[in-house]
Each structure stands twice: as structure tokens, then as C-alpha cells.
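The values are calculated or read from the model by the stated rules, or taken from the named source; none is laboratory data. Source: prediction; values computed, not measured. Cβ placement follows ideal geometry from the backbone for every residue including glycine, while neighbour counts extend to all protein chains displayed.
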Amino acid sequence: MAMVQEMQKAGPGKGQRLPTADHVTIGAAVNACARAARWELTLQLLQASPSLVTLGAAISAQERASQWQRALPLLAWAREREVDVTAPAVNAALAALGVGAQWVLSLQLLEGMTEAGPAPNTISFNIVLRTCADASQWLLAIEAMERMKAHGCPPTPVTFTTLMGALANATRWQQALLQLNELSLLSVTPDVVCLNAALTACSRSAACETALSLVSNFPSYNVEPNITTFNIALASAAPKKLEGRCYKAGQDGPALDEQKTLSDANLDLREPLQALVGTGTIEIGSLVQVRQDVLNPKFGWGKVKRGDCGQVVEFLVGDGVSVDFPCQKGWTGALNEVELSRA
């Protein structure tokens, strides 16, 4: 800071040995202060040389120091001095508001970007979505993603992973599966973290059949399950029955890295999964019938009658199931509307 002040005093053409401090030099100093969370010094440097570089670094310093209250006033201060405020600077302010869990202000600032500029980008929406998710505002997180698409900013794997985490915390497994379907429609490739978050939503909602179905569908996303995947799936149903068998798989070696794939860890957990299926879980090929307490199936009876027995041929996104009955092939219903046949 002292060196910058001396450089500013030198000024151009005064014969001093010190070079003149320009925006780049001061920007570097502001960035150094920001990394050290010296937000007071960043404000002094910003006042000495208002620019887009110093503005962004100064706001980032407020984020690191959890001084979110200063983010919006800094934007207003910069606009008064005709600094060209761009999306990265506003994104820094959004990130600072996120640190303070200020989801209302984040949404208001995002709305201001869409109406008056600068135009928000994918990073802008992802930051707001994260803030809403961290505040357990899963409905607003979904709304933020819808606004993101409407604004022409394509959602990314980060977008869906963040949203899945919010839905998992809220135990909204149906919404998580709907978002997986949306992910496929948008040709977004999920990673194992994203799918594990959706799996967690099913597990916390005790939707164990759906959880196992989702695990079996990982290959369709070109994603290999890792140890975390199977820990979630196995913990979601009959944990007491499988606890010993899962422990045995890893008891002879060092602690397992949960991020490793099963092949990397030299583990094959298909046996305990099959044991779980054998406890009464519906799977492909199971013989099922419409449950006695279902009066009107979600998609109608079609030609099927109560007591008819059919074979499960496919699990559908959104917790649906396709069943081949003798009287109707490809009958579609909700998974919770059918049960294993008693015939």
C-alpha cells in the first residue's frame, strides 16, 4: 500500500525514480489485499483509482472477509463515478451476498441485472442458485434455473449438482428425478456427485426402490458409481440386514476413499445389492399387481383389472414403471401404485 502511494505521488514526468502507478499496478495491489482479506486496504486503493479491476477485487475482498454489507454500496459508489460495471463485478457482489446467506438481496440484484444490466451470465445464475440452495429455498432454486434457461444461459453440471443438493436436503426425491429428466432433455452430462445427490434425495425420503433403480441407471449417464453411491443406496433400505456384509467388503484393508470407483477399490458390491433386492424390492422382471388401496391409478386402468398380474419391463424417469400385463403391454403407472404379486 505504501509503495503504491509513493508511486502515485511520483506522477508522470516529475523525474522521480519510482514509476507511475496505473490501474494495472493498483489492481494487482488490490488483488493481493483481497487474497489476504484486507478489505479496508482494498477500499482505500479503490478510492485512489476507481476502475473495473479494482472494483471487482475490492468486492471479492468483502466476500472473503464476510463483509457482505459493503458489496451493494460499492456497486452504487462505482456507478456514481461512471465506472463501467460489468457482469464479473456484479457476480462478485452476488458471491458476497451468498456468504451472508442473503438470498432475498441476491434475487433482487439478479432481477436488476436482467432488467437494467449488465446482462447476467451462467455464473450469475449459478451463484444465486447456490445461495437459495444453501438457505433451503429449493423452490426458489428451481425458479432461478428456469429464469436461467429463459434468459438463454444454458445450465451446467454445476447447476444441477447444486439443485440436487438442495432437493436432497429437502427430501424432495420426486423433484430430483424430474430434474434428472430435465438434465437429459438439455443434453447436460451429469457427474457422479450430481447423481449421488439425487440418490441421497431418494434415500432420505425412504424411496428405496427408486434409489436402487437409479443406481442401476448410472451407466445410461456414462457414470460409474463410486463407494459413496453404494453407501447411500445400501443405507436407504434394510441397513441392519446388509451392514455386516458391507463391512466385510472393506474390513481387511485400509479405510476406503469414498470417491473411488468400485473397480478402483477392487470391490464388487453387487452381492449385497442383490440381497437387498431379495428382501421384497421390485425390480425388472418382478411379477406385480396394482395395490389394493389404489382406487384410480395415476395414468388410468386401461385394460388392466384389479388382481391382474404383470411383469415389470422398465423403470421410468419420475418414479414411473412400465408393466406388461397379459391384457395390455406397456401399461404405465407409478411405482408406489404396484406391489409384488401374491399369486
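A few notes on this one:
- Test: residue in the stretch 89-111 that is within 14 Å of the chain's Cα centre (by Cα), part of a helix (DSSP H, G or I) and not aromatic (Phe, Trp, Tyr): no
- Qualifying residue in the stretch 138-161 (condition: closer than 17 Å to THR228 by Cα and touching a residue at least 12 places away in the same chain (Cβ under 8 Å)): yes
- Meets criteria (closer than 30 Å to ASN181 by Cβ, in a helix (DSSP H, G or I) and not assigned by TED's automatic domain parsing to the domain that holds THR200) for ARG147: yes
- Residues of the stretch 217-245 satisfying the condition of being of a type outside the set (Asp, Glu), surrounded by fewer than 20 Cβ atoms within 10 Å (Cβ to Cβ) and modelled with pLDDT of 75 or more: ASN217, PHE218, PRO219, SER220, TYR221, ASN222, VAL223, THR228, ASN231
- Filter pass, SER187 being part of a helix (DSSP H, G or I) and modelled with pLDDT under 85: no
- Applying the set (1) assigned to a helix (DSSP H, G or I); (2) in contact with a Gly (Cβ under 9 Å, 6 or more places away or on another chain) to VAL312 leaves exactly one unmet item: (1).
- Some residue of the stretch 157-175 being outside any helix (DSSP H, G or I) and touching an Asp or Glu at 6+ places or on another chain (Cβ under 9 Å): no
- Pairs where the first residue, in the stretch 116-132, is more than 9 Å from LEU94 (Cα to Cα) and the second is part of a helix (DSSP H, G or I) and of a type in the set (Lys, Arg), C-beta under 8 Å, 6+ apart: PHE125/ARG147
- In the stretch 214-225, the residues that are in contact (Cβ under 8 Å) with a residue 40 or more places away in the chain form no Cβ pair under 6 Å with any partner that is charged (D, E, K, R) and surrounded by fewer than 18 Cβ atoms within 10 Å (Cβ to Cβ), whether six or more places apart or across chains.
- Test for ARG130: is it touching a helix residue (DSSP H, G or I) at 6+ places or on another chain (Cβ under 7 Å), more than 30 Å from LEU335 (Cβ to Cβ) and of a type in the set (Lys, Arg): yes
- Close Cβ contacts (under 7 Å, 6 or more residues apart or on different chains) running from residues in the stretch 170-181 that are on the phi > 0 side of the Ramachandran plot to residues that are crowded, with 20+ Cβ neighbours inside 10 Å and of a type outside the set (Lys, Arg) comprise THR171/ALA201.
- The set of residues in the stretch 319-339 that are assigned to a loop (DSSP other than H, G, I, E, B) and surrounded by 14 or more Cβ atoms within 10 Å (Cβ to Cβ) contains only ASP319.
- Applying a threshold of 8 Å to beta carbon distances and a minimum spacing of six or more residues, or different chains, the list of pairs starting in the stretch 280-302 at a residue that is of a type in the set (Ser, Thr, Tyr) and ending at one that is in a strand (DSSP E or B) reads SER286/GLN311; SER286/VAL312; SER286/LEU340.
- Set side by side, the residues ALA150, ALA141, ALA166 differ, and just one is under 26 Å from PRO118 (Cα atoms) and buried (at least 19 other Cβ atoms within 10 Å of the Cβ), which is ALA141.
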